[in-house]
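Peer 1: What follows is a single structure, and I will ask about it in a moment.
The values are calculated or read from the model by the stated rules, or taken from the named source; none is laboratory data. If you're wondering where the values come from, they're calculated on a predicted model, not measured in any experiment. With ideal geometry, Cβ positions are generated from the backbone for all residues, glycine too; neighbour counts draw on all protein chains shown. For accessibility, only protein heavy atoms count, side chains too; no ligands or nucleic acids. Shrake-Rupley method; radii C 1.70, N 1.55, O 1.52, S 1.80 Å.
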Amino acid sequence: MSRNGRRRSRSRSPRGRGGLAASRYEIGKLQLLRPVQWSTVKLEPIVREPYRSKATYRRTEREISEWRRTKEITTKGHDIPDPIFTFEESGFPAEIIDELRYAGFTTPTPIQAQGWPIALSGRDMVGIAKTGSGKTLSYLIPALIHIDQQPRLRRGDGPIALILAPTRELAQQIKQVADDFGRALKYKNTCLFGGGKKRKQLDDLEYGVEIIIATPGRLIDFLSANQTNLRRCSYLVLDEADRMLDMGFEPQIRTIIEQIRPDRQTLMWSATWPDVVARLVKDYLKDYAQINVGSLKLAANHNILQIIDVCEEYEKESKLSILLREIMAEKECKTIIFIETKKRVDDITRKVKRDGWPARCIHGDKSQNERDATLNSFRSGRTPILIATDVAARGLDVDDVKFVINFDFPTTSEDYIHRIGRTGRCNNTGTAYTFFTPNNASKARDLIDVLKEAKQVINPKLVELVGMKIKARGGNRHMTSRYPRERRSRSRSESNSRSPMRSRRTALPERRGLRSRSRSRSPLRRSSPTRRDNQRGRGSPPSGRRSISRSPRRSEPRRMLPVMRKASSRSPLPSRSPLGAGRRTNGQSKNGRSLSRERDRDRERERERERERERDRDRDRERDRDRDRDRERERDRGRDRDRDRRRRSRSGSATGRSRNGNGRASSYDRY
């Protein structure tokens, strides 16, 4: 009981307790999963058949080294198997090869050609390759071959293969590939991720699956509730390992690995190689082989054209509107826009829709149904613009994305590489636009290194930002100030030239009655005596913070000055020189010209809007024509099917014989 007499809740749910309580709840779940004493557990033996290549002849070391050099493949470790050049050399079952042919693959990609022999030999391995290079099939097909060699699952057994992914979108994408290729060998899988229906996931686990594709959080939920186990798991894959560690999943990953038998086979796949991944590899991989496709340092896909636009923060939205107008005029216009925060994603989505473009957004606050509907709409092409946070930066596999826009530059260069890697997949080409502001100057040097490695054109303004950062470290603080030295010096000189002290010295006697004002807003100049204060006379009361001059020498000639100031305030002094009249005339004509220019601009904008509406109408007409053509083709197919059925039914009735012997046409005859 609490002090006020109410009963304390015994619920351990993190809901309603804040961030600290939620973290305690997660820590409590991790503590429930204690490390298993594998010496006391009787384990099912792992069957590993030796790998033998089906190549017709053994290639020489020189041929293999030349092939690796042309494909930019580097290996690390001893006894690396030779690569395979065709699907038939891999020794895969015929069902897998047929599925590969049906998916449109003709030859293995470089990461598959070298990664498949290592994975099939049963060794631990680390694979590093650019995005869109076929890493998913590099570990999924060896997983199916490994499962095919093991004894069948019994009731209560856990999975044989476990694949961990950082985000639910990547996990669902892996499940789609596993469905396509697992169907050939009749192996089941399930996908465990937060936001999905937990009851359906639990039913799949109770029924028994050979492959689990999961995010770390939801898998720990089922393990801590003792609803599944990993005692049969002998094939572990960590996909996008660097991203999982960046998201703070290292404690969860270590807890999950401790629940898996020690004689497992572990594979890590990533597009970058940071130090934190190297540390995890050192702790959990034994006698591993490492393959790297591409540059050993941070590298982007060379099929992507990278354009860096150095601008100010307030210019981004207008530049985005202009850029989208140009992109949507292209025939292939599927675009992803990456933004840093969820609130800004919603704001930009509303703005893009107001401009008339079809767009949808995705971020962490969206429900799973909304995220699935958005991705399906984007993949099908109904919504060609996707606006997202970094949840879509990893593993989103859409082959026909042509443009990527980094509205906000990411926090690291690795995230930048993964973002632009959404385009240029499967040896296609793409374009990446990036808005780079002076606030991102600390990341300019890393970005220039990435651009140099990819042989891209470097914006000179980007190089200036690097120099500006170096000068700021050297002590020139005005370079990082909000107002540069030139602007401050110019404003100071202008305020000095307009100061009342300078005007009092240079004023002519006949224009003494005119008032001279200082435009400087400095408080020091405001507190100094002005001509107005000196002209008040001896008996005038003080006004505001201005000081009053009581000098007896200037009191006599200044008694009539207030009268002159009063007259000047009612109406301006008439100018007797034709020069003044000429100035007023020129000013009026100038205003007239500016108004006419403004009207011309408005007319031009209206014409541009009308042209945009006409393009939209043409696009809608073309879409309607395509839809009508598809419907007409479908009607023709239906008529052909009906004609074939009638022809077969006539031929069957003419023969008068049936296959089932009862005088009726069998179901086989009808089709």
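Peer 1: Would you work out the charge dipole size for the range 41-293 about its Cα centre, treating the Cβ of every Lys and Arg as +1 and the Cβ of every Asp and Glu as -1, and quote it to the nearest 20 debye?
Peer 2: Here the range 41-293 has a charge dipole of around 400 debye.
Peer 1: Toward the positive end of the charge dipole of the range 41-293, about the Cα centre and with charges on Cβ (Lys, Arg +1; Asp, Glu -1), which of GLN149, GLN259, GLN173 goes farthest?
Peer 2: Towards the positive end, the residue furthest out is GLN259.
Peer 1: Where nothing but the Cβ of Lys and Arg (+1) and of Asp and Glu (-1) is charged, how large is the charge dipole of the range 29-103 around its Cα centre, in debye to the nearest 20?
Peer 2: That gives the range 29-103 a dipole magnitude of about 440 debye.
Peer 1: In the range 105-217, if the dipole is taken from +1 on Lys/Arg beta carbons and -1 on Asp/Glu beta carbons about the Cα centre, which of LEU120, GLY134, ILE213 is farthest to the positive end?
Peer 2: Working it through, the farthest residue towards the positive pole turns out to be ILE213.
Peer 1: Over the heavy atoms of TYR139, what accessible area does a 1.4 Å probe trace out, to the nearest 10 Å²?
Peer 2: Surface accessible to solvent at TYR139 totals approximately 0 Å².
Peer 1: Give the ranking of ARG611, ARG419 by solvent-accessible surface, highest area first, calculated with a 1.4 Å probe.
Peer 2: ARG611, ARG419
Peer 1: On a 1.4 Å probe surface of the protein chains, which of PHE409, PHE105 comes out largest in accessible area, and what is the full order?
Peer 2: Greatest to least solvent exposure: PHE105, PHE409.
Peer 1: Here's another thing I want to ask about it. Scale the Cα Rg of the range 41-293 by the rule-of-thumb value 2.2 N^0.38 Å and send over the ratio, two decimals.
Peer 2: Cα-based Rg divided by the globular estimate yields 0.98.
Peer 1: For GLN456, which sequence-distant residues (separation of 5 or more, or a different chain) have an amide H within less than 5 Å of its own amide H, given hydrogens modelled in the peptide plane?
Peer 2: none
Peer 1: To continue, here is another question. I'd like to check one number: the per residue accessible area of the range 41-293, probe 1.4 Å, reported in Å² as a whole number.
Peer 2: 44
Peer 1: Let me ask another. For the residue pair SER442 and GLU250, what label-to-label distance in nm results when each label sits 7 Å from Cα along the Cα-to-beta-carbon direction?
Peer 2: So the label points at SER442 and GLU250 sit 2.0 nm apart.
Peer 1: Give me the percent of the accessible area of the range 304-467 that comes from carbon and sulfur atoms, probe 1.4 Å, all protein chains in place.
Peer 2: Here carbon and sulfur together make up 48 percent of the probe-accessible area.
Peer 1: Let me ask something else about it. So how far apart, in nm, are the two label points at ILE458 and ARG599 if each is 7 Å from Cα heading toward Cβ?
Peer 2: My value for the distance between the label points is 5.2 nm.
Peer 1: How large, in percent, is the carbon and sulfur part of the accessible surface of the range 41-293 at a probe radius of 1.4 Å?
Peer 2: The C+S portion of the solvent-accessible surface of the range 41-293 is 48 percent.
Peer 1: Got a sec to turn the phi values of the range 310-318 into Karplus ³J(HN,Hα) couplings, 6.51 cos²θ - 1.76 cosθ + 1.60 with θ = phi - 60°, whole Hz, x for Gly and Pro?
Peer 2: 7, 8, 8, 5, 6, 8, 5, 5, 5
Peer 1: How far is it, in nm, from the label point at GLU608 to the one at ARG152 when both lie 7 Å from their Cα along the line to the Cβ?
Peer 2: Distance between label points: 6.9 nm.
Peer 1: Given Cβ point charges of +1 (Lys, Arg) and -1 (Asp, Glu) and nothing else, what value in debye, to the nearest 20, does the dipole of the range 327-375 about its Cα centre take?
Peer 2: For the range 327-375, the charge dipole is close to 140 debye.
Peer 1: Need the full-extension length gain, ASP79 to ARG279, defined as separation in residues times 0.36 nm minus the C-alpha distance. One decimal, nm.
Peer 2: 69.7 nm
Peer 1: To continue, here is another question. Would you work out which of SER90, THR107, TYR57 lies farthest towards the positive end of the dipole of the range 41-293? Charges go on Cβ: Lys and Arg +1, Asp and Glu -1.
Peer 2: Comparing the listed Cα positions along the dipole, SER90 ranks first.
Peer 1: With a 1.4 Å probe and all protein chains in place, put TRP273, TRP116 in order of accessible area, largest first.
Peer 2: Ranked from most to least accessible, the order is TRP273, TRP116.
Peer 1: Which order do the peptides 159-170, 46-57, 309-320 come out in when sorted by mean C-beta neighbours inside 10 angstrom, highest first?
Peer 2: Order by mean packing, descending: 159-170, 309-320, 46-57.
Peer 1: Which chymotrypsin sites (Phe, Trp or Tyr not before Pro) in the range 341-421 sit in a loop by DSSP (not H, G, I, E or B) and have at most 13 other Cβ atoms within 10 Å of their own Cβ?
Peer 2: Hits after loop and neighbour filter: nothing returned.
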